[in-house]
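Student: The structure under discussion is supplied below as structure tokens; questions concerning it will follow.
The values are calculated or read from the model by the stated rules, or taken from the named source; none is laboratory data. All of these numbers come straight from a predicted model, not from anything done at the bench. No Cβ is skipped: glycine too gets one built from the backbone with ideal geometry, and neighbour counts run over all protein chains shown. Calculation scope for accessible area: heavy atoms of the full protein, side chains included, ligands and nucleic acids excluded. Shrake-Rupley method; radii C 1.70, N 1.55, O 1.52, S 1.80 Å.
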Amino acid sequence: MSILPILLWPDPKLIETCTPIEEITPEIETLAADMLETMYAAPGRGLAGPQVGAMLRIFVMDTGWKEGKPDPLVCINPMFHEIGEERATNSEGCLSIPGVSAEISRPAQVQMVWTGLNGGRYVQSFSGFAAACAQHELDHLDGVVTFDHLDADTRAVLEAEYAA
Ligand code: ZN
């Protein structure tokens, strides 16, 4: 396994839409292992393919490891099945936008469907921070970052803060 370099905003790869993964090859298995290692080393709770220059629909997340309850997920071709109506605001950081956290309002509950590394299909409901994390990572696969959820004034302030 190896730690991969993390692309930083405004790298143009971070605004591209990623391609579905058609087959889980040994290269995909290696990529997933490297992404988990890179995420833990960063340290972070989620990392998406484009953040390491892999323009594929894959992300890893583990919302429990910092609290001593590791729960690593490798999510291939993830989609939201159900999206709750209630919204919640979380402070979100991003490994590609280090040093900046943004208050982002999103659906408080989502049900996500994805393919695991073993080729199995997974369905899981997420709430709280995990719901925000899953949405943040899936956003990356569509070229969307936290800045894109902000109004123009807030975005300008945070982009200036990031550039400083
Ligand atoms: Zn991010």
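Student: Residues that are open to solvent by less than 50 Å² (accessible area, probe 1.4 Å), within 15 Å of the ligand (Cβ to nearest atom), farther than 16 Å from PHE129 by Cα and not in a helix (DSSP H, G or I): does region 19-29 have at least one?
Tutor: no
Student: OK, next. So the check is Cβ under 6 Å with 6+ separation or different chains; which pairs have a first residue in region 83-108 that's charged (D, E, K, R) and a second one that's near the ligand (Cβ under 10 Å from one of its atoms)?
Tutor: Matching pairs, first to second residue: GLU92/HIS136; GLU92/THR146.
Student: Can you tell me which residue is least open to solvent (accessible area, probe 1.4 Å) among those in region 45-60 that are closer than 14 Å to ALA134 by Cβ and in a loop (DSSP other than H, G, I, E, B)?
Tutor: ARG57
Student: What residue, of ARG155, ARG106, is within 16 Å of the ligand (Cβ to nearest atom), open to solvent by 50 Å² or more (accessible area, probe 1.4 Å) and either in a strand (DSSP E or B) or not aromatic (Phe, Trp, Tyr) (or both)?
Tutor: One residue alone meets the criteria, ARG155.
Student: Report, by residue number, each residue of region 40-50 that is in contact with an Asp or Glu (Cβ under 9 Å, 6 or more places away or on another chain) and either more than 11 Å from the ligand (Cβ to nearest atom) or farther than 18 Å from THR146 by Cα (or both).
Tutor: Within region 40-50, TYR40 is the sole residue that qualifies.
Student: Just to be sure, is GLN135 outside any strand (DSSP E or B) and under 16 Å from GLY46 (Cβ atoms)?
Tutor: Working: outside any strand (DSSP E or B): yes; under 16 Å from GLY46 (Cβ atoms): yes.
Spelling it out, GLN135 is indeed outside any strand (DSSP E or B) and under 16 Å from GLY46 (Cβ atoms).
Student: Now for a separate question. LYS66 versus (1) at pLDDT 95 or above; (2) open to solvent by 20 Å² or more (accessible area, probe 1.4 Å); (3) not in a strand (DSSP E or B): which is the lone unmet condition?
Tutor: (1)
Student: Looking only at region 125-133, decide whether some residue is more than 16 Å from the ligand (Cβ to nearest atom) and among the polar types (S, T, N, Q).
Tutor: Yes, that holds for at least one residue.
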